[in-house]
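The values are calculated or read from the model by the stated rules, or taken from the named source; none is laboratory data. None of these values were measured; they are calculated from a predicted model. Cβ sites come from the backbone with ideal geometry, for glycine too, and all protein chains shown count toward neighbours.
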Amino acid sequence: MFDTFEGHAVVDPTVDGKHKVGKQFKATSLEKVERYLRYYDNVQITKGDFCQTATVLDEVGDFWSVHVDVDVYPVTLFALRYFANRMVPGGMIVVDDYGFKRTRGAEKAVEEFVGSRDDYARLHLLTGQAVLIKLAAGSSDAG
Ligand SMILES: C[S@@+](CC[C@H](N)C(=O)[O-])C[C@H]1O[C@@H](n2cnc3c(N)ncnc32)[C@H](O)[C@@H]1O
């Protein structure tokens, strides 16, 4: 898992509304989350802007499940592009807050991503998330 633990690192003021750099989500710390998750030996936490820290995953194999919950446009789009070619067929990227007015940046990033990729199908859950499913090669022609 990845977080700055200092709130947003980058926002797009044209779409991210009230979200500001370093303003929200600061009432936590790496140490608190490490303590909370101390009983799980399969968790690795990386602190920092995901646009910079994603490189720690460069040598990791394919992914079948990714959860993106960063609320704002620039890093949501970055994460989608980062994982796009790393997902196994049938793998799912869940983007939280896709359907909510207060997080238009997440919606914009998903729309842009899906519009540029015919190898992903999108589900919009009633609970607000988008689920992006990586299609098997050739299946996007099936209709
Ligand atoms: C809605 S909170 C979700 C936090 C956590 N997933 C949870 O459910 O408690 C959004 C989180 O995205 C983090 N975030 C925003 N921009 C980020 C970035 N560029 N890199 C890493 N984390 C970022 C914020 O620090 C914040 O903790």
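What residue, among those in the stretch 125-143 that are modelled with pLDDT of 95 or more and more than 15 Å from the chain's Cα centre (by Cα), is surrounded by the most Cβ atoms within 10 Å (Cβ to Cβ)? Walk me through it before giving the result.
Going through the stretch 125-143, the residues modelled with pLDDT of 95 or more turn out to be 125-135.
Those still in the list that are more than 15 Å from the chain's Cα centre (by Cα) too: 125-127, 135.
On the way: 125: 12, 126: 6, 127: 7, 135: 18.
So the residue we want is 135.
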| query | When you scan the stretch 118-143, how many residues do you find that are closer than 18 Å to residue 78 by Cα and out of contact with any Ser or Thr (no Cβ under 9 Å at 6 or more places or on another chain)? | reply | 7
| field | Every residue from the stretch 83-119 that is surrounded by fewer than 21 Cβ atoms within 10 Å (Cβ to Cβ), in contact with a strand residue (DSSP E or B) (Cβ under 9 Å, 6 or more places away or on another chain) and among the aromatic types (Phe, Trp, Tyr) | value | 83
| said: Six or more apart or on different chains, Cβ atoms under 8 Å: show the pairs whose first residue is in the stretch 26-54 and within 27 Å of residue 81 (Cα to Cα) and whose second is part of a helix (DSSP H, G or I) and of a type in the set (Val, Ile, Thr). | reply: 45/33; 46/53; 46/56; 47/53; 49/75; 50/75; 51/75
| Could you count how many residues in the stretch 1-25 are surrounded by fewer than 15 Cβ atoms within 10 Å (Cβ to Cβ) and either more than 17 Å from the chain's Cα centre (by Cα) or more than 12 Å from the ligand (Cβ to nearest atom) (or both)? | 7
| Where residue 115 falls short, out of the listed (1) within 14 Å of the chain's Cα centre (by Cα); (2) assigned to a helix (DSSP H, G or I) | (1)
